[in-house]
Structures are given as structure tokens and as C-alpha cells.
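Structure first, then comments.
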Amino acid sequence: MICCGAGNSELIHPAHFARCARLKKLITMRILITGGAGYIGSILTPTLLSQGHQVTVLDNFYFGQSTLLDCCQYEGFAIERGDCRDEAVVKPLVAKADVIIPLAALVGVPLCNTDAIATRTTNQEAVEMLCRLAGPDQWFLMPVTNSGYGIGEKGKFCTEDTPLRPISSYGITKVKAEEAVLARKNSISFRLATVFGLSPRMRIDLLVNDFVHRAVTDRAVVIFEGHFKRNYIHIRDVVRAFLHGLANFDKMKGKPYNVGLDDANLSKLELCEVIKKHLPKFVYLEAPVGEDPDKRDYIVSNARIAAAGFKPEWGLDRGIQELIKGYTIIRNSVYSNV
Ligand SMILES: NC(=O)c1ccc[n+]([C@@H]2O[C@H](COP(=O)([O-])OP(=O)(O)OC[C@H]3O[C@@H](n4cnc5c(N)ncnc54)[C@H](O)[C@@H]3O)[C@@H](O)[C@H]2O)c1
């Protein structure tokens, strides 16, 4: 990187960065994140800000969360409380962005099943609107679920060429949003495995987070479809995948990328064995108490993103240790004395 005073050095002194307008312009991007106060956004937003980017978050704070308070210290942080489906709100924000990251969604099948119209308008139509409002040179980085791989592909590694055939409204609307994003010139889509790990806007409904929470608080879990395999990725590796996409955009654009841990294509029972290593008193039993709405039972290849130079840093063991510490802090005890 060449800039005034810094020569050809790869290492830039922070004081020099603070002074050097040319350098800032070279590496500072204006990034719009819808849903930036959610589980993923609450880690992604401060990370991008700490790297010197200007970040605008549009969020309706659906969960009453205050997870971005720490971001307000950054001059480059702007926040808009509003609805990602409202064109009057979205249009001026899109006009000011180099990069658009659409995270806003009703996430997960149970939430989507409470409101079919909000699911379609938020998860799909709001993203289609972003694509319509953005110019061809603006960059999109889009997360989608890989859950639709589950249908009819049992026992076979799913690649990005394996058709996504989701059956839940959550999966269907996310796949349609991906189609809209990938129909543009400058877009990358990340097909995320089930995410785990701590975030200030915590989601205990995600599989690993849920099982570890039960193991810590109840010491037991009853599993259905225990041999069904899924794959997993830590939230900080999801954020690192977004950073990798930004840094390698020209090389990676135009394609979807699976993002998961190669060594964690595990069944629910195998996942419980890993948790038990850390919490030996954990007991798990199998019983026909439920059914996966997306029929997820699949193993995924992450070879494409690995070939693009991305390597996850957080294995399951490290993430479980992190979660155990976090659950020492978090207690769902509003209606209990302990
Ligand atoms: N967490 C995962 O395992 C996972 C896996 C695959 C894909 N994804 C995708 O990543 C994205 C973020 O997921 P998450 O886990 O952070 O979920 P989340 O529910 O924590 O975050 C969603 C955010 O969107 C906001 N939001 C909801 N409706 C809105 C609206 N109408 N206008 C403005 N903001 C609105 C919420 O307030 C919240 O901050 C989603 O698009 C999701 O589909 C997540």
C-alpha cells in the first residue's frame, strides 16, 4: 500500500493513519448494514468501525436491544431507527453507501411462522428493493441460510452447485433474496452454517448455543432426529468471512460461498458428545419430540471459500468454552428466585 509518508510499508502506524487523508480514503468504505443491531450485526458493526470504516446501521430494534451503544463513540458510526421495508427511509441511505450488507430479517422458522407477511416483506422484498435502489457499482455482501441443502441430498457433500430447495418460509424467502442479490453485477452471498458463539444480542435459539445453555443450566437435553447432520460456524468467523469478502471482493464477486467448519459436519448426538467433554455431567437422551421444519440432514463442503483464501479460526471446542463463560453471566431468571 502506498501513501504519503508511509512508503511501501504494509505496516501503518496508527498516528500516521489518523493524519493521512489519502490513506483513509484508500481503506475506508461507507457501509450500510440493515439489521446491524442483531446477533451477527452486533459483532460485525463494531469490528468494521474499529477497522476505520464508516458504518450506517438501519434497524427497527425489534428485540428492544441496545447492543450498539459502544459503537456510538466512533465518529464514523451513524444509526437510523427505522424499517428496512420503507423506501423513503432506505433510499437516501443506499445513495451514500459503497457497500450494502442486508442483515435485517425475521430469522429462524419459529419467528417466521408467527407472521407470513412480515417474513416475505422483510426477508425477501426489502432485499429486492435494495437491489433496485442500488447502482451497479455498489457492492453487496449477503448472508443466507444453507438449510435448503437438506432436501434430498442425504449423505452427500453439498457444494454451492447443489440446488437449495428450502421448504420453510424462512428458507424460501432467504433463497429468493439471494437470487436477487446474485443477479446483480457486484455481489457475494455467504451461505452460513448454523452460527454459534456469544454476541451482545444473544440468540439462545441457535442449536449449539441452545444445547450448551441447556447443558449449563439444566444439565440435560432431549434430542429429536439425533442422527441428522448439520454444520456449524462461529459468529466471529462469520464476521471474518465478511471482512475477507470486502478485502477480496473482485476475486470473489458473483458467487455464493458456503461458510462452515470442515471438521464440524456433526449430528446432534455427536455435537452433544463434544459438549459433554467440556461439561461431563451433561446428560442427553433421544426421543421423537419434534421434527426439523427444513428437514436438515446434510454435510457441506466449504472448499470454495477455502480456495478464496478463507480459513476459520474458531473450532467448536473454543466456541463451547466461550459459551460456558457467557452463560455464567446470562441467566433467564425473570420469573424465578435463582
Ligand atoms: N444466525 C444464523 O445462524 C444465520 C444463519 C444464516 C443466515 N443468517 C442471516 O444473517 C442475518 C442476521 O441474522 P441474526 O442471526 O443476526 O438475526 P437477528 O434476529 O439477531 O437480527 C436481525 C436484525 O434485523 C432487525 N430487523 C428485523 N426486522 C426489521 C425491519 N423490518 N427493519 C429493520 N430492521 C429489522 C432486528 O431488529 C435485528 O437487529 C439474517 O439475514 C439471517 O437470515 C443468520
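Points worth noting:
- Within the stretch 97-118, the set of residues being small (Gly, Ala, Ser) and either within 12 Å of the ligand (Cβ to nearest atom) or more than 11 Å from Ser169 (Cα to Cα) (or both) comprises Ala97, Ala104, Ala105, Gly108, Ala118.
- Within the stretch 44-67, the set of residues being within 13 Å of the ligand (Cβ to nearest atom) and surrounded by 23 or more Cβ atoms within 10 Å (Cβ to Cβ) comprises Leu44, Thr45, Val57, Leu58, Asp59.
- With respect to (1) within 12 Å of the ligand (Cβ to nearest atom); (2) touching a residue at least 60 places away in the same chain (Cβ under 8 Å); (3) part of a helix (DSSP H, G or I), the lone exception for Val94 is condition (1).
- Residue in the stretch 244-267 that is more than 14 Å from Gly197 (Cβ to Cβ), open to solvent by less than 60 Å² (accessible area, probe 1.4 Å) and of a type in the set (Lys, Arg) present: no
- With respect to being outside any loop (DSSP other than H, G, I, E, B) and in contact with an Asp or Glu (Cβ under 8 Å, 6 or more places away or on another chain), Val57 fits the description.
- Options Phe242, Phe228, Phe249; residue that is more than 30 Å from Met29 (Cβ to Cβ) and either at pLDDT below 95 or not polar (S, T, N, Q) (or both): Phe228
- Helices (runs of 4 or more DSSP H) enclosed by the stretch 231-315 - at least 3 residues per element that are β-branched (Val, Ile, Thr): 235-247
- Only residues that are open to solvent by 20 Å² or more (accessible area, probe 1.4 Å) and in contact with an Asp or Glu (Cβ under 6 Å, 6 or more places away or on another chain) were counted in the stretch 282-312, giving 2.
The values are calculated or read from the model by the stated rules, or taken from the named source; none is laboratory data. Since we're looking at a predicted model, the values are computed, not measured. Please note: Cβ atoms are built from the backbone with ideal geometry, for glycine as well, and neighbour counts cover all protein chains shown. These area figures cover heavy atoms from the full protein model, side chains too; ligands, DNA and RNA do not enter into them. Shrake-Rupley method; radii C 1.70, N 1.55, O 1.52, S 1.80 Å.
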